[in-house]
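Note sheet for the following structure.
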Amino acid sequence: MKSLGSIRRSFAPWADPDAVPYIRVENITKKFGDFVAVNDLSLDIYEREFFALLGASGCGKTTLLRMLAGFEEPTSGRILLDGQDLSGIPPYRRPVNMMFQSYALFPHMTVEANIAFGLKQDRMPRDQIAARVGEMLKLVKLEQFAQRKPHQLSGGQRQRVALARSLAKRPKVLLLDEPLGALDKKLREETQFELTDLQQQLGLTFVVVTHDQEEAMTMADRIAILDKGEVMQVATPAEVYEAPASRFVAEFVGSINMFEGSLQKDKAGNTRIARSDGSMIYTGSADDVRAGDNVWYAIRPEKIGISSRQPENGIANALAGEVYDIAYLGDMTIYHVKLDSGQVVKAAMLNSARLFEDPLTWDDRAWITFAPDAGVVLTR
């Protein structure tokens, strides 16, 4: 099978049947009264993996992170870390550390004192504390800010102090709860790559909770998408985007167009979707789907071509409509095309040239085209 999308690094222990998970979440359920926050959830996370828990507010991702940290106890199930059952082990005795969304820095302490706090609590010798703090300051490039107080720092600098404090005790696993949520967009984008480089440099296991899809796609080796306390899909960023397991995942990650209909197969093995308006969508292979099944053809906007000219014969999928709306985003333009069937489809055009000879505008007649294998057939 060909790989989907670009590969950030060759690290992929989950593809090795002999690899042993570093963190194993086994049938975890967490209830708060009658409310089920996490429902019979199981996950495997590998050593040195950057793993993301992605989902909307209330999906259970932070509750799961807090159970890993020891701040919440599971109602049922168990969590194993490097083969050790964490049941009943308090947070301060677990080989994990957590970086909170609010950073939770002590306002009256200097940067240096904030980083040293946990080490002093562990009664580490003074000279070792000084050496470790110096190492952490260098790691996050804050040596010159050692004597400042948190209120004298920018948001990005406070984030680095919180990160340094979390890493100072050299945990086996670092848990990050929305670590970049307080940063502005540009700084957040820069910090995503810094965190990724730092994680690989240290060789630690990172588990991050986020509702930001771009953040998860940029940083994580794999992503677990959660909904109502359950795992919808666990896969690499490229697999989640290019081969979603369900309509929920397809619609949650990025932008998507859905064409619903009944699957048909001819004698040559070609597949197509017969739609209620009489049109046909020709698809790639759909070996696991039976003829007559109700399915959805999911395709991303950037995989759809759009033109004012009617395509030549031979194009597998060509549908006509009118330009309903336009969003100019700088690097690309998003066209909303209302098809003759009434369905509105999004098509994205990369703005590779500064000027266009024949630009599409509102109410123009337009044709959208796409290859059969540009999308994926979903059954649920």
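The values are calculated or read from the model by the stated rules, or taken from the named source; none is laboratory data. Values in this document were obtained by computation on a predicted structure and should not be read as measured data. Heads up, the Cβs are rebuilt from the backbone with ideal geometry, glycines too, and the neighbour counts pull from every protein chain shown.
Tabulated data
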quantity	calculated
Strands (runs of 3 or more DSSP E) lying entirely in the stretch 134-230 (those with 2 or more residues that are over 29 Å from Y241 (Cβ atoms) and touching a helix residue (DSSP H, G or I) at 6+ places or on another chain (Cβ under 8 Å))	none
Residue within the stretch 179-186 that is surrounded by fewer than 22 Cβ atoms within 10 Å (Cβ to Cβ), farther than 28 Å from V20 by Cα, touching a residue at least 60 places away in the same chain (Cβ under 8 Å) and out of contact with any His (no Cβ under 9 Å at 6 or more places or on another chain) present	yes
Residue identified as within 26 Å of the chain's Cα centre (by Cα) and of a type in the set (D, E, K, R) among D331, D325	D331
Flag if R48 is at pLDDT below 95, in the same structural domain as T196 (by TED's automatic domain parsing) and within 26 Å of S87 (Cα to Cα)	yes
Verdict on S352 being on the phi < 0 side of the Ramachandran plot, touching a Lys or Arg at 6+ places or on another chain (Cβ under 8 Å) and modelled with pLDDT under 90	no
Within the stretch 155-200, tally of residues that are among the β-branched types (V, I, T) and touching a Ser or Thr at 6+ places or on another chain (Cβ under 6 Å)	1
The stretch 249-285, residues that are buried (at least 16 other Cβ atoms within 10 Å of the Cβ), basic (K, R) and part of a loop (DSSP other than H, G, I, E, B)	R275
So D363, is it among the acidic types (D, E), at pLDDT below 85, more than 20 Å from F259 (Cβ to Cβ) and over 32 Å from the mean Cα position of the chain (by Cα)	no
Qualifying residue in the stretch 165-178 (condition: over 17 Å from N97 (Cβ atoms) and either among the small types (G, A, S) or crowded, with 20+ Cβ neighbours inside 10 Å (or both))	no
Strands (runs of 3 or more DSSP E) (entirely within the stretch 286-380) containing at least 1 residues that are exposed (fewer than 14 other Cβ atoms within 10 Å of the Cβ) and in contact with a His (Cβ under 7 Å, 6 or more places away or on another chain)	317-328, 344-350
Verdict on I89 being surrounded by fewer than 16 Cβ atoms within 10 Å (Cβ to Cβ), more than 15 Å from the chain's Cα centre (by Cα) and among the hydrophobic types (A, V, I, L, M, F, W, C)	yes
Residue tally, condition closer than 14 Å to E26 by Cβ and among the polar types (S, T, N, Q), over the stretch 57-92	4
